[in-house]
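Working notes, beginning with the structure itself.
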Amino acid sequence: TGMSGGGKSTALKMLEDAGFYCVDNLPVVLLEKFVELISEPANEISKVALGLDVRADQSFEDINRIVEKMKEAGMEFEILFLDAKDQTLIRRYKETRRNHPLAADGRVEDGVRKERKVLEKIRKNADYVLDTSNLLTREFKEELEHIFVENREYNNLMVSIMSFGFKHG
């Protein structure tokens, strides 16, 4: 899950390429039933990735409740929260000319602000928080492979290099 414009759909495509069964935008009301079905012993699906996002007509509190219930039942799962800086999210929305799902008045900035508040708890409970603001697609894919394919310990390393020189007169 994560912020709208944070890269959820891209992540799901990458995970699908890595052999995961992926479902994007699963309605919250179907989450518990879907988890029940994939948890049945006869089910052959072993790696599943669900894309859950904020929609104006859904309660994200239900997702938090379901996640707690799944933990109590001993289910194994991890939560990846995809984030980006507000300016990056706003730019991505303006580039695609799409409306933010929580921007009732049409202002992307308002939608982003409202969404941060709604997703605060799930972000705090996420196993991984990945900021995609400065990631190239290749780097994003490598991070996902480290976490979910190679099962490495997650150590997000952000390197910034600033270079300057002096002109001798």
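Could you figure out which of (1) of a type in the set (Asp, Glu); (2) out of contact with any helix residue (DSSP H, G or I) (no Cβ under 9 Å at 6 or more places or on another chain); (3) more than 23 Å from residue 141 (Cβ to Cβ) isn't true of residue 62?
Every listed condition holds for residue 62 apart from (2).
For every residue, the table says whether it meets (1) more than 17 Å from the chain's Cα centre (by Cα); (2) at pLDDT 85 or above; (3) assigned to a helix (DSSP H, G or I); (4) loosely packed, with under 15 Cβ neighbours inside 10 Å.
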site: 6; (1), (2), (3), (4): no, yes, no, no
site: 15; (1), (2), (3), (4): no, yes, yes, no
site: 19; (1), (2), (3), (4): yes, yes, no, yes
site: 22; (1), (2), (3), (4): no, yes, no, no
site: 36; (1), (2), (3), (4): yes, no, yes, yes
site: 42; (1), (2), (3), (4): yes, no, no, yes
site: 68; (1), (2), (3), (4): yes, yes, yes, yes
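Does residue 93 meet the test of being open to solvent by 50 Å² or more (accessible area, probe 1.4 Å), of a type in the set (Ser, Thr, Tyr) and within 24 Å of residue 141 (Cβ to Cβ)?
No; evaluated as a whole, the condition is false for this residue.
Okay, residues lined up against (1) free of Cβ contacts under 8 Å to residues at least 12 places away in the same chain; (2) over 17 Å from the mean Cα position of the chain (by Cα); (3) within 19 Å of residue 30 (Cβ to Cβ); (4) in a loop (DSSP other than H, G, I, E, B):
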| position | (1), (2), (3), (4) |
| --- | --- |
| 63 | no, no, yes, no |
| 88 | no, no, no, no |
| 93 | no, no, no, no |
| 110 | yes, yes, no, no |
| 115 | no, no, no, no |
| 126 | no, no, no, yes |
| 141 | no, no, no, no |
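Considering only region 1-59, state which residues are in contact with a strand residue (DSSP E or B) (Cβ under 7 Å, 6 or more places away or on another chain) and within 26 Å of residue 107 (Cβ to Cβ).
Across region 1-59, the qualifying residues are 1, 2, 3, 6, 7, 8, 9, 24, 25, 51.
For region 24-34, how many residues meet the condition of being within 15 Å of residue 82 (Cβ to Cβ) and surrounded by 15 or more Cβ atoms within 10 Å (Cβ to Cβ)?
So the count comes out to 1.
The values are calculated or read from the model by the stated rules, or taken from the named source; none is laboratory data. What you see is a predicted model, and the numbers here were worked out from it, not measured in a lab. Don't worry about glycine lacking a Cβ; one is built from the backbone with ideal geometry, like all the others, and counts go over all protein chains shown. Quick note on the areas: whole protein, heavy atoms, side chains included, nothing else; ligands and nucleic acids left out. Shrake-Rupley method; radii C 1.70, N 1.55, O 1.52, S 1.80 Å.
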